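Since the structure comes first, as structure tokens, the remarks are kept for the end.
The values are calculated or read from the model by the stated rules, or taken from the named source; none is laboratory data. This structure is a prediction, so every number in the text was calculated from the model and none was measured. Cβ sites come from the backbone with ideal geometry, for glycine too, and all protein chains shown count toward neighbours. Surface accessibility is based on the protein's heavy atoms, side chains included, excluding ligands, DNA and RNA. Shrake-Rupley method; radii C 1.70, N 1.55, O 1.52, S 1.80 Å.
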Amino acid sequence: MPDRHAPRDCPVCGHVLALTRLSCDECGTEISGSFQACEFCSLAPEDRETLRVFLRSRGNMKELERHLGVSYPTARARFDSLLQRLGLGGAAPEEPPPRLDLLESLARGDIDVDEALSRLSE
């Protein structure tokens, strides 16, 4: 059976679809009702993998950047796009001042002192 994922939104009006029926392929049991749908299940496999890497690295965008093999801005854009697809793309949090961001990168070990000094002098 192909790896298919249920759509999240109604193709007619665009509202979120309701999950109302579950069934067991083994014994044929069916359960009807109103169930909470998995908000991640409708994501494409590559989006779920991106989310897994992000969570496994405890939100480290540099790790996501390395996994995707792209630049930091590209990794950030892809993750923002993923958040949009999940309906979590509201107002972006305020960006920290560039110097603070640089010092945090240094503290995390993402960059070394020479790189930090180089960026500060730009």
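Please compute the length gained on full extension between Arg58 and Arg85, using 0.36 nm multiplied by the number of residues separating them and subtracting their Cα-Cα distance. All intermediate terms of the calculation are to be shown ahead of the outcome.
On the way: separation 27, 0.36 × 27 = 9.72 nm, distance 2.05 nm.
Full extension of this stretch gives 7.7 nm more.
With a cut-off of 8 Å between alpha carbons and a minimum separation of six or more residues, what is the relative contact order of the chain in percent? Kindly include the intermediate steps, with their values, before the conclusion.
Values: 80 pairs, mean separation 15.3, N = 122.
That works out to 13 percent.
Arg48 to Cys24: extension gain in nm, 0.36 nm per residue of separation minus the Cα-Cα distance?
Working: separation 24, 0.36 × 24 = 8.64 nm, distance 2.44 nm.
Result: 6.2 nm gained on full extension.
First compute the accessible area of the chain with a 1.4 Å probe, then give the percent of it belonging to carbon and sulfur atoms. Walk me through the numbers on the way to the answer.
On the way: 5110 of 9420 Å².
The value for the chain is 54 percent carbon and sulfur by accessible area.
With a 1.4 Å probe and every protein chain left in place, work out the accessible area per residue of the chain in Å², rounded to a whole number.
On the way: 9420 Å² over 122 residues.
Computed with neighbouring chains in place, this is 77 Å² per residue.
Based on DSSP H runs of at least 4 residues, each adding -39500 (n - 2.57), what is the mean residue ellipticity at 222 nm of the chain after dividing by all its residues, to the nearest 500 deg cm²/dmol?
Values: 5 runs with 53 residues, N = 122.
Mean residue ellipticity, 222 nm, calculated: -13000 deg cm²/dmol.
Which distance in nm do the two modelled labels at Ser71 and Glu122 give, with both placed 7 Å along the Cα-to-Cβ direction?
Here the modelled spin labels are 1.0 nm apart.
Determine Rg/Rh for the chain; Rg is computed over alpha-carbon atoms and Rh is the Kirkwood hydrodynamic estimate from the same atoms.
On the way: Rg = 20.4 Å, Rh = 17.9 Å.
With Rg and the Kirkwood Rh in hand, the quotient comes to 1.14.
Using the Cα centre as the reference, give the magnitude of the dipole from point charges on the C-beta atoms of segment 48-87 (Lys, Arg: +1; Asp, Glu: -1; all else neutral), rounded to the nearest 20 debye. Walk me through the numbers on the way to the answer.
On the way: 9 positive and 4 negative charges, 23 e Å.
With Lys and Arg at +1 and Asp and Glu at -1, about 120 debye.
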